[in-house]
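What follows is one structure encoded as structure tokens, with my remarks underneath.
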Amino acid sequence: MTSYDVTLEWTDGRTRTIDVGESQTVLEAAQRLGVRLPYDCRAGTCITCVGRLLALEDGDDGTDRPLDVADAFGYQRPPQALTDDERDDGYVLLCIASPRADCRIEVGPRVRAEVGDSPWA
């Protein structure tokens with residue numbers, strides 16, 4: 001099974017790299033490893049678990065590739081709680097997102113505050 005290194009970065013400077021299988025969500029892998037991330041619906045209809053893609057890591061030469069959430073993640077179902085603009089800005093719902101590449105993601109309450117309210121709330 002293919003897996004990817006996903007580095008979670010909190011605004012207080014903490015980081016944690018987790019191994020996420022291609023059929024797992026970031027949230028599932030984090031919970032398996034005892035890493036606490038916020039979540040609620042687990043269906044992509046709220047924004048409690050939102051993160052922001054910081055970098056796609058290129059395994060060949062160690063440089064970062066241009067950001068594109070579609071390159072970094074596949075979704076188990078459409079992320080209803082994010083607008084197209086939010087997805088274009090790198091926001092991702094970790095409860096339904098499975099990685100397609102090694103990457104770095106900013107997590108925590110500040111990211112959630114940047115997105116605002118869920119359109120489904």
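The values are calculated or read from the model by the stated rules, or taken from the named source; none is laboratory data. Please read all numbers here as calculations on a predicted model, not as lab measurements. Because the Cβ atoms are built from the backbone with ideal geometry, glycine has one as well, and the counts that use them run over all protein chains shown.
Taking Arg42, is it of a type in the set (Lys, Arg), more than 19 Å from Glu22 (Cα to Cα) and either over 12 Å from the mean Cα position of the chain (by Cα) or at pLDDT below 90 (or both)?
The answer is no for Arg42.
Considering only residues that are of a type in the set (S, T, N, Q) and either farther than 14 Å from Cys103 by Cα or touching a His at 6+ places or on another chain (Cβ under 8 Å) (or both), which ones fall in the range 15-39?
Ser23, Gln24, Gln31
For beta carbons closer than 8 Å, sequence separation of 6+ or different chains, a first residue in the range 67-96 that is surrounded by 14 or more Cβ atoms within 10 Å (Cβ to Cβ) and a second that is part of a helix (DSSP H, G or I) and basic (Lys, Arg), the qualifying pairs are Val69/Arg87; Pro79/Arg87.
Within the range 1-56, restricting attention to residues that are basic (Lys, Arg) and in contact with a strand residue (DSSP E or B) (Cβ under 9 Å, 6 or more places away or on another chain), the residue that is nearest to Thr83 (Cα to Cα) is Arg52.
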